[in-house]
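The structure appears below as structure tokens.
The values are calculated or read from the model by the stated rules, or taken from the named source; none is laboratory data. Just so you know, these numbers come straight off a predicted model, no measurement behind them. Here the Cβ positions follow ideal geometry from the backbone for every residue, glycine too, while neighbour counts run over all protein chains shown. Surface accessibility is based on the protein's heavy atoms, side chains included, excluding ligands, DNA and RNA. Shrake-Rupley method; radii C 1.70, N 1.55, O 1.52, S 1.80 Å.
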Amino acid sequence: MINVDRALALFKETGALLEGHFLLTSGLHSNRYFQCAKVLQFPQHCTLLCGDIAAQFRTVPVDAVIAPAMGGIVVGQEVGRQLNVRTMFAERKEGVMQLRRGFAVGAGERVLVCEDVVTTGGSVSEVVRIVRDAGGIIAGIGFVVDRSGGKTRIETGNDCLQYPVLTMDVVTHNPESCPLCKGGLLLVKPGSRGNA
């Protein structure tokens with residue numbers, strides 16, 4: 001298990017923890033943004049952080065790993081490699097998260113869902129639905145960062161482990177009442193669906 005202070009230090013050392021005024025995928029605003037791609041671009045950090053997730057699920061039967069594109073792909077691939085199981089990803093087409101590229105979940109398959117950062121868990125919930133609609137079983141959920149301070153729980157249909165490497169209670173604001181907007185701070189949308 002990686003020490004929480006060490007995990008946070010890796011984010012800071014690689015410039016992966018940003019401060020400012022950010023529009024999150026959830027639509028909420030925040031003064032902090034975790035750009036996991038900046039820390040995961042270094043193989044030794046990716047191995048360490050994703051290894052912590054893999055270690056939590058070594059004794060859990062897992063047939064496959066699935067992740068939402070884009071941010072979760074690297075996490076899912078590395079966790080799958082360390083668990084030595086097949087890895088796939090779901091992606092959006094016309095706004096709907098779905099399996100493409102010949103990926104499929106078999107009935108009764110035990111699937112571990114992986115993600116880089118969770119705030120509300122929206123993308124992960126969509127992937128969970130894909131697995132369950134195909135007759136798969138959620139073996140667990142692993143993610144690098146839980147921005148909700150542990151408040152976000154994904155409905156999986158069973159009582160499986162949901163494990164974050166790093167948990168932080170990062171303040172978020174509704175756009176209508178955002179003090180950063182009222183202060184005139186420039187709003188930035190980083191990440192795979194934004195401008196960075």
Gain upon complete extension [ARG100, GLU176; 0.36 nm per residue less C-alpha separation]: 23.7 nm
Post the alpha-carbon centroid distance, the stretch 142-160 to the stretch 93-130, in whole angstrom. 14
Of ASP159, ASP5, ASP63, ASP146, which has the most accessible area with a 1.4 Å probe, and how do the rest follow in descending order? ASP159, ASP5, ASP63, ASP146
Measuring from the longest principal axis of the C-alpha atoms of the chain, the long axis of helix 71-83 (C-alpha) lies at a number of degrees, nearest 10, equal to 40
Excluding ligands and nucleic acids, what accessible area in Å² is computed for ARG32 using a 1.4 Å probe, to the nearest 10? 70
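Let me have the 222 nm mean residue ellipticity of the chain computed from DSSP H runs of 4+ only, each contributing -39500 (n - 2.57), with the sum over all residues rounded to the nearest 500. Could the numbers behind the result be given before it?
Numbers: 6 runs with 58 residues, N = 196.
Calculated mean residue ellipticity at 222 nm is -8500 deg cm²/dmol.
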Let me have the relative contact order for the stretch 1-83, percent, based on Cα pairs under 8 Å that are six or more residues apart. 25
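Counting Lys and Arg as +1 and Asp and Glu as -1, each charge on the Cβ, what is the dipole of the stretch 73-196 about the Cα centre in debye, to the nearest 20?
On the way: 15 positive and 13 negative charges, 55 e Å.
So the dipole magnitude of the stretch 73-196 works out to roughly 260 debye.
If you count only protein heavy atoms with a 1.4 Å probe, what accessible area per residue comes out for the stretch 27-112, rounded to a whole Å²? Show your work: numbers first, answer last.
Values: 3940 Å² over 86 residues.
Per-residue value: 46 Å².
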So which GluC sites (Glu not before Pro) in the stretch 80-117 end up in coil per DSSP with only 16 or fewer other C-beta atoms within 10 Å? GLU94
Quick check: convex hull of the Cα atoms in the stretch 1-156, volume per residue, rounded to a whole Å³? 112
Shape metrics for the stretch 67-196, restricted to C-alpha atoms - Rg then Dmax, Å: 15.9, 52
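Return the carbon/sulfur percentage of the accessible area of the chain, one whole number, probe 1.4 Å, all protein chains in place. Please list the in-between numbers first.
Details: 4740 of 9240 Å².
About 51 percent, which is the carbon plus sulfur part of the accessible surface.
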Cysteines not pairable in the chain (beta carbon separation under 4.7 Å absent): CYS36, CYS46, CYS50, CYS114, CYS160
To the nearest 20 Debye, how big is the dipole of the stretch 25-100 about its Cα centre, given +1 on the beta carbon of each Lys and Arg and -1 on that of each Asp and Glu? 100
I'd like the antiparallel share, as a percent to the nearest 5, of DSSP beta bridges with both residues in the chain. 35
